[in-house]
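Report on one structure; see the data block that follows.
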Amino acid sequence: DAGVIQSPRHEVTEMGQEVTLRCKPISGHNSLFWYRQTMMRGLELLIYFNNNVPIDDSGMPEDRFSAKMPNASFSTLKIQPSEPRDSAVYFCASSPQGNEQYFGPGTRLTVT
Amino acid sequence: AQTVTQSQPEMSVQEAETVTLSCTYDTSESDYYLFWYKQPPSRQMILVIRQEAYKQQNATENRFSVNFQKAAKSFSLKISDSQLGDAAMYFCAYISGGYQKVTFGTGTKLQVIP
């Protein structure tokens with residue numbers, strides 16, 4: 001099993017640009033989660049999907065952030081327009097129904 | 001709302017010794033799961049161990065074991081025979097049995113001294 005796959009691993013972009021982060025969950029997992037990790041705020045849940053349907057997006061910081069899961073094997077997190085304060089490590093995780101979450105390697109985003 | 005507290009921002013242990021990381025949580029639910037995750041410098045979040053609240057027996061995974069005290073809402077992690085590769089941030093996490101949103105603690109940075 002390849003585990004959760006995220007791309008890109010690193011992203012450097014200028015303020016105002018659109019950023020798209022991608023995630024492929026572990027095959028057979030029903031749930032997918034997007035997290036953001038910063039030194040100041042720790043690990044924050046942004047949004048999670050169950051069976052491709054968004055269940056809780058209360059952690060999405062503002063309208064600049066959006067997430068989609070068009071099918072069971074792919075999800076995107078988009079930031080448009082990006083701002084320097086969005087700089088963080090973004091993790092995707094997947095889970096079999098109701099149990100432990102398996103994390104991807106993360107995407108380090110730097111917005112200058 | 002559930003809260004998870006890790007009161008030790010940093011800990012250190014001598015190689016081959018034993019160390020215990022503390023975690024307390026607050027919940028009114030009876031059905032839940034608790035986890036410890038490890039995050040080494042590579043940033044990868046790795047599941048170390050899990051505990052179901054309905055199980056009285058403490059979980060064990062090789063050198064890692066937990067002391068689960070449900071009444072006290074305490075969930076500590078013991079690492080025996082510490083190795084240099086154990087150096088990492090350790091996060092305690094809580095998940096409700098009926099809801100998949102995980103609450104993480106703020107983490108404990110473990111240093112292993114050769």
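Against the conditions (1) under 16 Å from B:Tyr37 (Cβ atoms); (2) among the aromatic types (Phe, Trp, Tyr); (3) touching a Pro at 6+ places or on another chain (Cβ under 9 Å), where does A:Phe103 fall short? Just the number, please.
So A:Phe103 meets the others, but not (3).
Identify the residue in the range B:104-114 that is surrounded by fewer than 20 Cβ atoms within 10 Å (Cβ to Cβ) and either away from chain A (no Cβ under 14 Å) or of a type outside the set (D, E, K, R) (or both) and, among all such residues, is nearest to the chain's Cα centre (by Cα).
Per the stated criteria, the residue is B:Thr106.
Can you find a residue that is within 12 Å of another protein chain (Cβ to nearest Cβ) and on the phi > 0 side of the Ramachandran plot anywhere in the range B:81-91? Show your work before the answer.
Start the filter on the range B:81-91 by keeping residues that are within 12 Å of another protein chain (Cβ to nearest Cβ), which leaves B:89, B:91.
From what is left, the residues that are on the phi > 0 side of the Ramachandran plot are none.
Within the range B:81-91 (the criterion being within 12 Å of another protein chain (Cβ to nearest Cβ) and on the phi > 0 side of the Ramachandran plot), the answer is no, since none of the residues qualifies.
Taking strands (runs of 3 or more DSSP E) that fall entirely within the range A:13-112, which contain at least 2 residues that are in contact (Cβ under 8 Å) with a residue 24 or more places away in the chain? Outline the logic, then answer.
Details: elements: A:19-24, A:31-38, A:42-50, A:53-56, A:65-71, A:74-79, A:88-95, A:107-111.
Output list reads A:19-24, A:31-38, A:42-50, A:65-71, A:74-79, A:88-95, A:107-111.
Which condition number does B:Lys101 fail, the rest of (1) among the charged types (D, E, K, R); (2) more than 24 Å from A:Glu44 (Cβ to Cβ); (3) within 11 Å of another protein chain (Cβ to nearest Cβ) being met?
Result: B:Lys101 fails condition (2) only.
Go through the range B:8-45 and give me each residue that's within 12 Å of another protein chain (Cβ to nearest Cβ) and either free of Cβ contacts under 8 Å to residues at least 40 places away in the same chain or out of contact with any strand residue (DSSP E or B) (no Cβ under 8 Å at 6 or more places or on another chain) (or both).
Matches in the range B:8-45: B:Ser42, B:Arg43, B:Gln44.
Values in this text are rule-based calculations from the coordinates and carry no lab data. Note that this is a predicted model, so its numbers are computed, not measured. Quick reminder, even Gly has a Cβ in these numbers, built from the backbone with ideal geometry, and neighbours come from all protein chains shown.
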